[in-house]
Each structure stands twice: as structure tokens, then as C-alpha cells.
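Below: one structure, written as C-alpha cells.
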Amino acid sequence: KIDVTPSDFGRLAAQTAKQVIIQRIREAEKDGAYEEYIKKQGEMITGIVQRKELNGYLINLGKIETILPFSDSIPGENYRPKDHIKVLVVDIKKTPKGPMINISRANPNFLKKLFDLEIPEVHQGIIEVKAISREPGRRSKVAVISHDKKVGAVGTCIGHMGARIQNIVKELNNERIDVIEWSDDIKVLIAN
């Protein structure tokens, strides 16, 4: 290898080379962040509230900051800076400024992920959440079915003295949750 410095390699050329290298490093960081968060699409993650903005809350997700719009937060909830909150990663888009992550706490899948987190039988697949109807901040109806005849779906989800469901209710700012038995027969489902 031979070290060669071109004769016209002055201050401007060095500065230009430095800017190009820095730009490429930033692009690689953006691509790395995109690759990391694309794997988390549809998952629940914890973020830290930075501050309240005009259109929502600025949330720090680790390597990236994003906005939790008021329309995707639970009505009646107020967050303070440094609050840790759980959010659902709805989708990720690549933009020239870096990855844009859409997050939500009002999405019905957020409630489904809470059931998966708080109820081991749901996580193991013994109980399945078949359908969710949700009015964020007010009321949700969750239809569940058990794949094991020895396990009662509704009672297991509610837990002893309502302990399991209370953890979910607290996370959702005291939203009322009705857990009902799923049936393929629409008349039976409505009656339940």
C-alpha cells in the first residue's frame, strides 16, 4: 500500500470529504434504526414522555423520538415528562429524515397485547382473543375462547378477585372491560 496525498488536496477538499463521511454515517444510523424498529411492528414497547406538543406527546423510544397523537392516546390521560408509558408500534415508514414510527394506545391491538402480557394462558395459546370492540377510555368488549376444556376462558382472563383484569384496567386509565365467551353462533355470541 502506498499513501498518496493529491497535490490539489487542500482545506476545501478535506472538509468536503469529512461532510460526505458524516452524511454516510448518519444514513447508516437511520437504516439501522429502521431495521431495528421494523421487527417491532405490531409489538408493544415502553417509551418515555419527553414533552407535550401541539398535536400530541413527544415520546422517546430509545434511538428514535416520535409523536403519540392525541387521537391515538386514551381520552382523559395526561402524561408528564419522564413518565414511562406502553405503546403499540402500528407501522414504520422510511422518510428522508429517518424512520417515522406510528404508535398508538387507542388501537384495539394494544388491548390484545395487554391481554397477552398480563394473562399467561393467552400468551401460551390456551386462551385465544377472538374479537375486540373498543371505545378507548370508556369501554371495551373482548371475546375469548379456550382451547382446553379444563380452562374457563372468561374466569381465567378476569383472575382471582379480578386481579388480572385490574392490571389491564389500570393501564387503560380505568376503561371498563367486558370479557365474554366467544361463540361461532352469532345469536349465542350476542346473548353472551
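The values are calculated or read from the model by the stated rules, or taken from the named source; none is laboratory data. Computed from a predicted model, the values in this text were never measured in an experiment. Here the Cβ is made from the backbone with ideal geometry for all residues, glycine too, and neighbour counts use every protein chain on show. Quick note on the areas: whole protein, heavy atoms, side chains included, nothing else; ligands and nucleic acids left out. Shrake-Rupley method; radii C 1.70, N 1.55, O 1.52, S 1.80 Å.
Quick one: grab the alpha carbon gyration tensor of the stretch 124-192, order the square roots of its eigenvalues as a ≥ b ≥ c, and give me rounded if a/c is under 1.5, else prolate or oblate depending on whether a/b is larger than b/c. Taking the square roots of the gyration eigenvalues as a ≥ b ≥ c, the stretch 124-192 is oblate. Annotation for Arg138 and Lys82: the two label points, set 7 Å from Cα along the Cα-Cβ direction, are 3.6 nm apart.
Please report, to two decimal places, log10 I(q)/I(0) for the chain at q = 0.09 Å⁻¹ as given by the Debye formula with identical point scatterers on the Cα atoms and no solvent. These q points yield log10 I(q)/I(0) values of -0.47. Springs between Cα atoms under 10 Å define the GNM used for the chain, and in it the highest mean-square fluctuation of Met100, Met44, Met161 occurs at Met161. Using C-alpha pairs under 8 Å with a sequence gap of at least 6, the mean separation divided by the residue count of the chain gives a relative contact order of 14 percent. Model label sites at Glu36 and Asp178, defined 7 Å from Cα along the beta-carbon direction, differ in position by 4.3 nm.
Among the trypsin sites (Lys or Arg not before Pro) within the stretch 1-102, those in coil by DSSP and having at most 12 neighbouring Cβ atoms inside 10 Å are Lys1, Lys39, Lys82, Lys97. Of the chymotrypsin sites (Phe, Trp or Tyr not before Pro) found in the stretch 1-92, those that fall in a DSSP loop while having at most 14 other beta-carbon atoms within 10 Å are Phe9.
Accessible surface calculations at 1.4 Å, restricted to protein heavy atoms, place the chain at 65 Å² per residue.
Rounded to the nearest 5, the antiparallel percentage of DSSP beta bridges internal to the chain is 85%.
Exceedance of the 28 Å cut-off in Cα-Cα distance is limited, within the set Lys18/Lys82; Lys18/Lys40; Lys93/Lys170; Lys52/Lys97; Lys86/Lys141, to Lys18/Lys82; Lys18/Lys40; Lys93/Lys170. Loop sites here are GluC sites (Glu not before Pro) outside DSSP states H, G, I, E and B with no more than 14 other Cβ atoms within 10 Å. The longest part of the chain free of them is 54-192.
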